[in-house]
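The values are calculated or read from the model by the stated rules, or taken from the named source; none is laboratory data. Keep in mind that what you see is a predicted model, and the values were worked out from it rather than measured. Cβ atoms come from the backbone with ideal geometry, glycine included; neighbour counts cover every protein chain shown. Heavy atoms of the whole protein, side chains included, go into the accessibility calculation; ligands, DNA and RNA do not. Shrake-Rupley method; radii C 1.70, N 1.55, O 1.52, S 1.80 Å.
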Amino acid sequence: MARKVTIFTGQFGDLKSDELFQKMSECGFDGLELACGTDHFDVRKCLNEEGYCEAKKAQLEKYGLGCWAISNHCVGQGVLDETDERTLAVIPEYLRSSDLSKVWENCAEEMKLTARAAAKFGVKVVNGFTGSSIWKYFYSWPPVPQEWIDNGYKLLKERWTPILDVFQEVGVKFALEVHPTEIAFDLHSAQLALEALDYHPAFGFNFDPSHFIWQMVDPVKFIRKFPDRIFHVHMKDAALQLDGENGILGSHLPFGDYRRGWEFRSVGRGDVNFEEIIRALNDIKYNGPLSVEWEDQRMDRWAGARESCQYVRKVDFEPSDVVFDAQFAK
């Protein structure tokens with residue numbers, strides 16, 4: 001059976017659930033990866049409001065949709081980041097505080113609640129970010145003492161282990177989207193994160209090839225290095241646009257500016273080799289959803305959603321259950 005094709009609703013947070021669900025059903029999706037912090041999924045209502053879960057499931061079923069993962073990226077970011085105006089702008093208002101040193105604690109408690117809400121709603125994976133206290137040191141000038149980097153991973157263990165213990169308790173996995181600005185952004189930093197967390201059984205990855213390709217990291221190698229830690233998959237594309245004047249750091253140019261050294265693209269329109277990704281996912285026996293995350297600043301999002309759904313169905317295939325040349329040995 002082919003994998004379910006879903007779409008992450010975070011980039012459609014301006015739309016109310018009923019309108020969005022209907023449109024995504026019309027685009028052909030099997031289900032949705034619901035974004036927390038929007039009308040699409042409310043963690044606290046799920047836990048505290050009688051009938052909320054049942055009503056949300058009925059709303060999905062009305063349009064023939066399922067849900068196999070929810071996502072709480074922005075709140076997770078607040079757990080490790082040093083809080084500033086950018087952090088406060090993306091987390092729910094009720095998690096903000098005039099005492100900025102307390103914001104991470106509020107975010108940590110909300111991630112625990114997210115695990116419990118996911119369990120109550122019946123999904124087994126929460127995708128998100130961890131944040132990072134050391135991302136700002138990615139380039140070592142002025143020289144960065146190794147101790148500072150080590151302390152960043154120690155802080156990961158200190159703040160995220162209690163959260164992950166709750167995930168483990170309720171039978172839900174946390175899937176970090178490996179991503180620049182997170183504690184893990186490539187293969188080596190992902191390995192360091194696993195080691196720092198003592199390979200916590202509730203911790204793994206939301207594999208998104210778009211964040212590797214512009215760093216010139218091979219996404220397929222990530223799948224093969226962490227086969228038992230791929231808890232969820234995002235189908236998102238990116239394209240390098242290096243022209244001798246720009247670079248991969250973005251040049252302080254906004255997304256959608258053609259002068260940037262790279263940009264996100266609608267699935268199938270960038271440099272990601274999805275053929276090899278599907279083969280690698282088959283090899284590790286990943287059978288979860290393939291979830292489109294649509295972020296193409298220069299393309300209409302509804303055209304992109306429809307096309308992405310069709311593309312993912314076309315590129316996905318089941319592994320063979322026979323050895324093609326076995327007949328010749330008979």
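With a 10 Å radius around each residue's Cβ, average the other Cβ atoms per peptide and rank 69-82, 132-145, 276-289, highest first.
69-82, 276-289, 132-145
What residue among Asn206, Asn273, Asn151 shows peak mean-square fluctuation when the chain is described by a Gaussian network model with Cα springs under 10 Å?
Comparing Asn206, Asn273, Asn151 in a Gaussian network model of the chain, the most mobile one is Asn151.
How large is the accessible surface per residue of the chain, computed with a 1.4 Å probe and reported in Å² as a whole number?
Accessible area per residue, the chain: 48 Å².
Mean separation of Cα pairs under 8 Å and 6+ residues apart, divided by the residue count of region 124-209: what relative contact order is that in percent?
40
How high is the relative contact order of the chain, given as a whole-number percent (alpha carbon pairs under 8 Å, six or more residues apart)?
Worked out over the chain, it gives 17 percent.
Kindly state, as a whole number, the per residue volume in cubic angstrom of the convex hull around the alpha carbon atoms of region 286-329.
Convex hull volume per residue, Cα atoms: 95 Å³.
For the pairs Lys112/Lys285; Lys45/Lys102; Lys173/Lys314; Lys157/Lys314; Lys45/Lys314; Lys136/Lys236, flag any whose C-alpha to C-alpha distance is greater than 32 Å.
Listed pairs above 32 Å: Lys157/Lys314; Lys45/Lys314.
When only alpha-carbon atoms count, how far does region 202-330 stretch along each of its three principal axes, as whole angstroms with the largest first?
62, 35, 31
Rounded to the nearest 10 Å², what accessible area does Val322 have for a 1.4 Å probe in the complete protein model?
Counting only protein heavy atoms, Val322 exposes about 100 Å² to solvent.
Take every Cα pair under 8 Å in region 248-330 that's 6+ residues apart, average their separations, divide by the length, and report that relative contact order as a whole percent.
That works out to 32 percent.
Give me the log10 of I(q) over I(0) for the chain at q = 0.07, 0.09, 0.10 Å⁻¹, as the Debye formula computes it from C-alpha points; what are the numbers?
Ignoring solvent entirely, the Cα scatterers give -0.29, -0.48, -0.59.
Quantify, in whole percent, the carbon and sulfur part of the accessible surface of the chain (1.4 Å probe; protein heavy atoms only).
51
If you average over every viewing direction, what projected area does the convex hull of the Cα atoms of region 56-160 give, in nm²?
Here the figure is 8.5 nm², rounded to one decimal.
Cα centroids of region 102-156 and region 1-48: how far apart, whole angstrom?
Answer, in whole Å: 24.
For the chain, what does the helix formula give at 222 nm: sum of -39500 (n - 2.57) over DSSP H segments with n ≥ 4, over the residue count, nearest 500 deg cm²/dmol?
Mean residue ellipticity, 222 nm, calculated: -12000 deg cm²/dmol.
How many times 2.2 N^0.38 Å is the alpha carbon radius of gyration of region 197-269?
1.31
Can you tell me the length gained on complete extension of the stretch Glu195 to Leu15, counting 0.36 nm per residue apart and subtracting the Cα distance?
Length difference between fully extended and current span is 60.8 nm.
Could you check which residue among Trp160, Trp148, Trp214 shows the biggest mean-square fluctuation in a GNM of the chain with a 10 Å Cα cutoff?
Looking only at Trp160, Trp148, Trp214, the biggest GNM fluctuation is shown by Trp148.
Please give the peptides 295-305, 45-55 ranked by average Cβ packing (other Cβ atoms within 10 Å per residue), highest first, as a rough proxy for protection.
With the highest mean Cβ count within 10 Å placed first, the list reads 295-305, 45-55.
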